[in-house]
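Below is one structure; the comments refer to it alone.
Every number here is computed from the coordinates shown, using simple stated rules; none is lab data. This is a predicted model, so every value here is computed, not measured. With ideal geometry, Cβ positions are generated from the backbone for all residues, glycine too; neighbour counts draw on all protein chains shown.
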Amino acid sequence: MKGPYSSRTCQKALQLSSVMSQNRAAGVSEKRSQMDLQLNLLSEQENTKLLQMLEQIGHAVGAEISAGPDVEVLAQATQPEALSEQIDRAAEVRDQRPPGGSPAG
């Protein structure tokens with residue numbers, strides 16, 4: 001005894017359901033990635049501010065501060081727009097690579 005739907009119709013319905021589930025999962029993953037990025041940027045800004053405050057405290061108490069270039073870079077304010085542009089450029093380079101992972105050229 002056959003039901004009202006053919007096996008092909010049921011197969012298509014299952015495929016559609018699977019694709020919809022994958023799209024939902026991808027959407028959740030994208031939101032998590034955005035949230036992670038925002039939290040990381042906030043943390044980076046807080047760390048930058050802490051380094052600046054420590055430097056000010058050091059100067060106020062007369063401590064000898066010998067900051068190397070790496071400390072100066074860390075103490076610079078985080079610029080989310082510049083970071084976003086850098087990520088976009090890296091993605092463009094990655095997308096231009098042929099299959100296999102080696103740079104195009």
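Gain on full extension, evaluated as 0.36 nm per residue between residue 41 and residue 63 minus their Cα-Cα distance, stands at 4.9 nm.
Mind giving me the FRET efficiency for residue 12 and residue 92? R0 is 22 Å, r the Cβ-Cβ distance, nearest 0.05 is fine.
Details: r = 37 Å, r/R0 = 1.67.
The pair residue 12/residue 92 has a calculated efficiency of 0.05.
With both labels modelled 7 Å from their Cα along Cα-to-Cβ, the residue 22 to residue 51 distance reads 4.2 nm.
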